[in-house]
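Just below is one structure, and these are the notes that go with it.
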Amino acid sequence: MHEGSLGTTLRTIRTARGLSLAQVASATGISRSLLSLIETGRSDITIGRLTRLAGLYEIRLADLVPEPRHPDPIVVRADDRTVMHYAAEAIDVEVLVPEGPHTMQALLATFAPLARMQDYIPQPNEQFTHVIVGRVRTEFADGRELELGPGDSATYISGDAGHRHANLVDDVTRMVIVIRRPKLR
């Protein structure tokens, strides 16, 4: 994802809601100066900070991701996957199954050597993770930890306190993440 276009989108959403940078900073714990840098495309954003902004703006992260060139509710082609680059954390997230008319979202996360998420991500829904290559530690804000190696899987709900992932090896780690959404109505 190009940070400049994401920043422009975030600024548009903030101003449409009539919020100042100071109000957003107070509500999210992200400094006013960093928010300004993100909105002008001069700074990258972490996964956790983007999640906090989406929560404040009452939008889904999927609303910030460009639509695939050939949207299909069943098939996502390899050359049509949306990739979100979180340069500040050295993590790329590819959307395998976008949020949509189904009860799950699937992601492929690629962590650079020793990369780690800075913030805890609240996740009220059940989540499944499967490590393809590398070694991941999932840390929960309540103190729990899981370590997974190649072929290992885990299912959990981190709740409002959240969780974060860290690559434990000096090589690339890749993992599939599937998030179960509430049943459709």
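Here ASP119 meets each of (1) surrounded by 14 or more Cβ atoms within 10 Å (Cβ to Cβ); (2) part of a strand (DSSP E or B); (3) of a type in the set (D, E, K, R) with one exception, condition (2).
Note on the stretch 122-132: residues that are assigned to a strand (DSSP E or B), without any contact (Cβ under 8 Å) to a residue 60 or more places away in the chain and not hydroxyl-bearing (Ser, Thr, Tyr) total 6. So, LEU108, is that one assigned to a strand (DSSP E or B), without any contact (Cβ under 8 Å) to a residue 12 or more places away in the chain and not small (Gly, Ala, Ser) or not? Judged against the criteria, LEU108 is not a match. Annotation: of all residues in the stretch 1-49 being among the small types (Gly, Ala, Ser) and outside any helix (DSSP H, G or I), the one that is surrounded by the fewest Cβ atoms within 10 Å (Cβ to Cβ) is GLY18.
Here THR155 meets the list (1) surrounded by fewer than 15 Cβ atoms within 10 Å (Cβ to Cβ); (2) part of a strand (DSSP E or B); (3) at positive phi almost entirely, failing just condition (3).
Bear in mind these aren't lab numbers, they're just calculated from the coordinates by the rules spelled out. What you are looking at is a predicted structure, and each value in this text was computed from that prediction instead of being measured. Every residue, glycine among them, receives a Cβ derived from its backbone with ideal geometry; neighbour counts consider all protein chains shown.
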